[in-house]
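Enquirer: Please see the structure below; I have some questions.
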Amino acid sequence: MRTVRGVLVMEVMLTAAIFVLIGSGAVVGMVSALNMNRTAQERVAAVNYAQEGLEAVRSIRNQNYNLLVDSSGVGVQRNGTTGVWEFNGSANNTWGKYTRVMTVANAQRDASRNIVASGGTTDYTTKKVTSTVTWDFSPTQAFDVTVSDYLTDWKSTMGGLIVYSDGTNTPIYREYGQPVDAFSTESSAPSGASGLNFVVRTSPVKREAVVAYSDSGGTLRVLCFDGVTWSSEWSVTAGGTGTTRRFDVAYEKTTGDVMVAYSRNAAAVNAVDYRTKSGTSACGSGNWASAASLPTSTTLTSGTAYWIRLERSPVAASNRIAIAWSDSDSDLGAAVWEGSSWGNLPGTTLETNLEYVAAGGDVQSFDLAIENTSGDIMVAWGVLTTGSCSAGSTCMRYRAFSAGAWGAITAIPTVADSATSIDLGSAPNSDAILLAAIDNTSEDFSTAYWSGTAWTGRANQDTKAAAPVAGSKLVSVAYLVSGATTRGIINYHDNSSNTVGWLTCNGSAACNSESDWTPSPRFNSIQVWYDSKPNPLVSNQLMFTIADNNNNLFAKSLSMTATPTFTWNNADGTNALESVPATLAYPFSFAFWQK
């Protein structure tokens, strides 16, 4: 019996131990289940809070895409008056134990336009928005959740903007739709006066465009457009009747500061004034600095400024802008802006015998470009001649600004004609520059190629080009890039042609003459103004705009593959965009958006 009793005691003890183990396991399991349930509940709350942040930013985007400013950490809140969502400027939002941080950054795309995490080309029309929520589950355990989305500028199909006049007292504009390669119907900018000459430039740091135009009374008017709203900024007398262009506009590369330079409408030493607006300032007349004058320490020109060209440096971290201008006395001057003031004036006038058609200053027979890697400046121009130049003589000249100093005035070799119409284009990712020019006397078409150190010219690329007339520009140059393939594109007015005459250039002045492309509708056989703009966001596309003497404005796009294969398209559709005055210089202006 004692043995049996001892066994029973042991069984009781073993049973009790098993019960304790099972009970403890149940408690642990119960606690674990409760923790898992709590974790799931808190994670759901965190995800919802993070998702609310994304929806808030989406609401801000719907108000105005320009409000999506890049930020590494920002909060969102409802406006106490309007009830709409807005960024509150703080580093985070809190809700109980949860902390939310929003980040906004430009998306990047590869060569096929697919979004990539890094290493692509910045797409300023798409933002990656990330909402991260963190919280402490316990004093020793922290959790976080992250949700993100890509938001596009869905309200706008704008890839660019074209501005012109239809004869009313209101400048007219059309938006260019990048995906559809077509222009919108006409809309009106702020009323003021019927425009004669136009310049539109877009900001490299935000969705903003500045438009300058002159009217029949010689008044220069400046407008600003934030992609949604237009505003009238300021006006000043610059003179002219539309056959010259006495002003220009340029944005600094890094700051987004914008400059308008214009003629004083009087014979004077360096007769050019300018005004600027900070890139951090919105549109608004009160945001412009007062007028100032270019330095007069060196006498470069003494007549009335008839033609003004500004060009901003494409080099990263550079705020350089170059200016070149010609006057009524056929003089040519230049200067360099380094972000805060003008300086680096050449010691002498670049040219005192500038090419013209019938009278001094009746055509812009000069141009400038800035090298893409070095930031060096090139000014090239035509010299007035009584007939054809002999090859190698002084038909065209140039002067370069490098390492803080201007080089010597030098003849461009090999070319055998002057430059009445001239255009320069800088090659991306190198210091190459391409030149195209037509002489009004011989009607010969010349090309030249700058390697970064020297010019190589080619005479008589075509001996039957159209003759430039006063106030006209019959050549345009732009570069296209697709993968490892880069080509310079020259459009020019072939004599009596109503099609697109064009050449492709690959690292030399000996460009290939391509078969003329027949647009629809066709141009009149006499054209008066050529312009080509490469797309800064889609490097294998350019826009070629043209006005003919039937007062028609056309827009044609060109794209290139890496093969290369070239495709022209009638971006203007089946009709001319508008009727614009045929006797004017720069009767329209087109610019791609950069943001």
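The values are calculated or read from the model by the stated rules, or taken from the named source; none is laboratory data. Just so we're clear, the structure is a prediction, and the values are computed from it rather than from any experiment. Every residue, glycine among them, receives a Cβ derived from its backbone with ideal geometry; neighbour counts consider all protein chains shown.
Enquirer: Do we have any residue at all in region 570-577 that's modelled with pLDDT of 95 or more, surrounded by fewer than 21 Cβ atoms within 10 Å (Cβ to Cβ) and either assigned to a loop (DSSP other than H, G, I, E, B) or assigned by TED's automatic domain parsing to the domain that holds Pro171 (or both)?
Expert: yes
Enquirer: Could you please tell me which pairs satisfy a Cβ distance under 8 Å, a separation of 6+ or placement on different chains, a first residue in region 90-109 that is over 16 Å from Phe143 (Cα atoms) and assigned by TED's automatic domain parsing to the domain that holds Thr130, and a second residue that is assigned to a strand (DSSP E or B) and acidic (Asp, Glu)?
Expert: Asn106/Asp123; Ala107/Asp123; Gln108/Asp123; Arg109/Asp123
Enquirer: Moving on to the next point. In this structure, does Asn64 turn out to be in contact (Cβ under 8 Å) with a residue 40 or more places away in the chain and closer than 24 Å to Glu208 by Cβ?
Expert: Values: in contact (Cβ under 8 Å) with a residue 40 or more places away in the chain: yes; closer than 24 Å to Glu208 by Cβ: yes.
Criteria met by Asn64.
Enquirer: Does region 268-288 contain at least one residue that is among the charged types (D, E, K, R), within 17 Å of Val222 (Cβ to Cβ), touching a Lys or Arg at 6+ places or on another chain (Cβ under 9 Å) and modelled with pLDDT of 95 or more? Break it down stepwise before answering.
Expert: Applying the first criterion (among the charged types (D, E, K, R)) to region 268-288 yields 273, 275, 277.
Narrowing further to those that are within 17 Å of Val222 (Cβ to Cβ): 273, 275, 277.
Retained after the next criterion (residues that are touching a Lys or Arg at 6+ places or on another chain (Cβ under 9 Å)): 273.
With the extra rule that they be modelled with pLDDT of 95 or more, the set shrinks to 273.
Yes.
Enquirer: How many residues are in a loop (DSSP other than H, G, I, E, B) and closer than 18 Å to Leu434 by Cα when one looks only at region 393-412? Let's see the steps before the verdict.
Expert: Within region 393-412, the first condition is being in a loop (DSSP other than H, G, I, E, B), and the residues that meet it are 393-395, 403-404, 407-409, 412.
Checking which are closer than 18 Å to Leu434 by Cα leaves us with 395, 412.
The qualifying residues number 2.
Enquirer: Looking at (1) without any contact (Cβ under 8 Å) to a residue 12 or more places away in the chain; (2) touching a Cys at 6+ places or on another chain (Cβ under 7 Å); (3) not β-branched (Val, Ile, Thr), can you tell me which one Ala454 breaks?
Expert: Every listed condition holds for Ala454 apart from (2).
Enquirer: Among the residues of region 246-267, which ones are free of Cβ contacts under 8 Å to residues at least 60 places away in the same chain and surrounded by fewer than 18 Cβ atoms within 10 Å (Cβ to Cβ)?
Expert: Selection gives Ala266 alone.
Enquirer: For region 509-564, enumerate the residues that are among the aliphatic types (A, V, I, L, M), over 21 Å from Phe445 (Cβ atoms) and part of a strand (DSSP E or B). Walk me through it before giving the result.
Expert: The initial filter retains those residues of region 509-564 that are among the aliphatic types (A, V, I, L, M), namely 509-510, 526, 528, 537-538, 542-543, 546-547, 553, 555, 558, 560, 562.
Narrowing further to those that are over 21 Å from Phe445 (Cβ atoms): 537-538, 543, 553, 555, 560, 562.
Within region 509-564, Met543, Leu553, Ala555, Met560 qualify.
Enquirer: Okay, moving on. Return the pairs, sorted by first residue and then second, in which the second residue is aromatic (Phe, Trp, Tyr) and assigned to a loop (DSSP other than H, G, I, E, B), the first residue lies in region 414-433 and is touching a residue at least 12 places away in the same chain (Cβ under 8 Å), the beta carbons are less than 9 Å apart, and the residues are 6+ apart or on different chains.
Expert: From residues that are touching a residue at least 12 places away in the same chain (Cβ under 8 Å), the pairs are Thr420/Tyr356.
Enquirer: Also, I was wondering about something else. Could you please find all residues in region 438-466 being of a type outside the set (D, E, K, R), part of a loop (DSSP other than H, G, I, E, B) and either modelled with pLDDT under 95 or surrounded by fewer than 18 Cβ atoms within 10 Å (Cβ to Cβ) (or both)?
Expert: Hits for region 438-466 are Asn440, Thr441, Ser442, Ser451, Gly452, Thr453, Ala454, Thr463.
Enquirer: Pick from region 211-245 the residues that are free of Cβ contacts under 8 Å to residues at least 60 places away in the same chain and closer than 30 Å to Ala105 by Cβ: which of them is surrounded by the fewest Cβ atoms within 10 Å (Cβ to Cβ)?
Expert: Thr229
Enquirer: Do we find that Ala289 is assigned by TED's automatic domain parsing to the domain that holds Thr352, within 26 Å of Pro204 (Cβ to Cβ) and free of Cβ contacts under 8 Å to residues at least 24 places away in the same chain in this structure?
Expert: In short, yes.
Enquirer: Examine region 311-319 for a residue that is in a loop (DSSP other than H, G, I, E, B) and basic (Lys, Arg), and state whether such a residue exists. Give the steps one after another, and end with the answer.
Expert: Within region 311-319, the first condition is being in a loop (DSSP other than H, G, I, E, B), and the residues that meet it are 313-319.
Remaining after also requiring basic (Lys, Arg): none.
Checked against the condition, which is being in a loop (DSSP other than H, G, I, E, B) and basic (Lys, Arg), region 311-319 yields no hits at all.
Enquirer: Out of the residues in region 313-349 that are touching a Lys or Arg at 6+ places or on another chain (Cβ under 6 Å) and buried (at least 23 other Cβ atoms within 10 Å of the Cβ), state the one that is nearest to Phe366 (Cα to Cα).
Expert: Going through the qualifying residues, I end up with Ala324.
Enquirer: Considering only residues that are among the hydrophobic types (A, V, I, L, M, F, W, C) and crowded, with 18+ Cβ neighbours inside 10 Å, which ones fall in region 269-291?
Expert: Let us first name the residues in region 269-291 that are among the hydrophobic types (A, V, I, L, M, F, W, C), namely 269, 271-272, 282-283, 288-289, 291.
Passing the criteria: Ala271, Val272, Cys283, Trp288.
Enquirer: Sticking with this one: Can you tell me how many residues in region 172-198 are in a strand (DSSP E or B), touching a Ser or Thr at 6+ places or on another chain (Cβ under 7 Å) and closer than 28 Å to Asp70 by Cβ?
Expert: Going through region 172-198, the residues in a strand (DSSP E or B) turn out to be 172-177, 182-183, 187-188, 195-198.
Applying the additional criterion that residues be touching a Ser or Thr at 6+ places or on another chain (Cβ under 7 Å) yields 172-175, 177, 188, 195-198.
Next, only the ones that are closer than 28 Å to Asp70 by Cβ stay: 173, 175, 177.
Residues flagged as in a strand (DSSP E or B), touching a Ser or Thr at 6+ places or on another chain (Cβ under 7 Å) and closer than 28 Å to Asp70 by Cβ within region 172-198 amount to 3.
Enquirer: Just checking, does region 262-271 include any residue being in a strand (DSSP E or B) and within 16 Å of Lys206 (Cα to Cα)?
Expert: As a first pass, look at region 262-271 and keep what is in a strand (DSSP E or B): 262-263.
Subset that is within 16 Å of Lys206 (Cα to Cα): none.
No, that holds for no residue.
Enquirer: Taking region 227-238, which residues are in contact with a Lys or Arg (Cβ under 6 Å, 6 or more places away or on another chain) and either in a loop (DSSP other than H, G, I, E, B) or outside the structural domain of Ser165 (by TED's automatic domain parsing) (or both)? Break it down into steps so the answer makes sense when it comes.
Expert: Let us first name the residues in region 227-238 that are in contact with a Lys or Arg (Cβ under 6 Å, 6 or more places away or on another chain), namely 227, 235, 238.
Scanning region 227-238 gives Gly227, Ala238.
Enquirer: If I ask for residues that are within 17 Å of Trp135 (Cα to Cα) and in a loop (DSSP other than H, G, I, E, B), which ones from region 56-101 would you list?
Expert: Gly75, Ala91, Asn92, Gly96, Lys97
Enquirer: Could you list all residues from region 332-379 that are more than 21 Å from the chain's Cα centre (by Cα), within 23 Å of Ala448 (Cα to Cα) and either in a loop (DSSP other than H, G, I, E, B) or free of Cβ contacts under 8 Å to residues at least 12 places away in the same chain (or both)?
Expert: Here is the first cut: in region 332-379, the residues more than 21 Å from the chain's Cα centre (by Cα) are 332-335, 340-366, 379.
From what is left, the residues that are within 23 Å of Ala448 (Cα to Cα) are 332-334, 350-357, 363-366, 379.
Answer for region 332-379, where residues must be more than 21 Å from the chain's Cα centre (by Cα), within 23 Å of Ala448 (Cα to Cα) and either in a loop (DSSP other than H, G, I, E, B) or free of Cβ contacts under 8 Å to residues at least 12 places away in the same chain (or both): Leu350, Thr352, Asn353, Glu355, Tyr356, Val357, Val363, Gln364, Ser365.
Enquirer: Being among the hydroxyl-bearing types (Ser, Thr, Tyr) and surrounded by fewer than 24 Cβ atoms within 10 Å (Cβ to Cβ) is the filter here, so list the residues in region 389-425 that pass it. Can you show your working first?
Expert: First pass over region 389-425, keeping only residues among the hydroxyl-bearing types (Ser, Thr, Tyr): 390, 393-394, 398, 402, 410, 414, 418, 420-421.
The answer is Ser390, Ser393, Thr394, Tyr398, Ser402, Thr410, Thr414.
Enquirer: Let me ask something else. The conditions are (1) closer than 21 Å to Ala359 by Cβ; (2) touching a residue at least 60 places away in the same chain (Cβ under 8 Å); (3) in contact with a Leu (Cβ under 9 Å, 6 or more places away or on another chain), and Ala478 fails exactly one of them. Which is it?
Expert: It is condition (1) that Ala478 fails.
Enquirer: Under 8 Å between Cβ atoms, which residue pairs at least 6 apart in sequence (or on different chains) link something in region 546-562 that is farther than 18 Å from Ala582 by Cβ with a partner that is surrounded by 22 or more Cβ atoms within 10 Å (Cβ to Cβ) and of a type in the set (Gly, Ala, Ser)?
Expert: Once the first residue is farther than 18 Å from Ala582 by Cβ and sits in region 546-562, its partners that are surrounded by 22 or more Cβ atoms within 10 Å (Cβ to Cβ) and of a type in the set (Gly, Ala, Ser) give Lys556/Ala571; Ser557/Ala571.
Enquirer: Counting only residues that are within 17 Å of Lys206 (Cα to Cα), loosely packed, with under 15 Cβ neighbours inside 10 Å and either of a type in the set (D, E, K, R) or assigned by TED's automatic domain parsing to the domain that holds Ala209 (or both), how many does region 60-89 have?
Expert: Count: 1.
Enquirer: Which residue, of Phe554, Phe544, is within 16 Å of the chain's Cα centre (by Cα) and outside the structural domain of Leu67 (by TED's automatic domain parsing)? Outline the logic, then answer.
Expert: Values: Phe554 fails: within 16 Å of the chain's Cα centre (by Cα).
Answer to the selection: Phe544.
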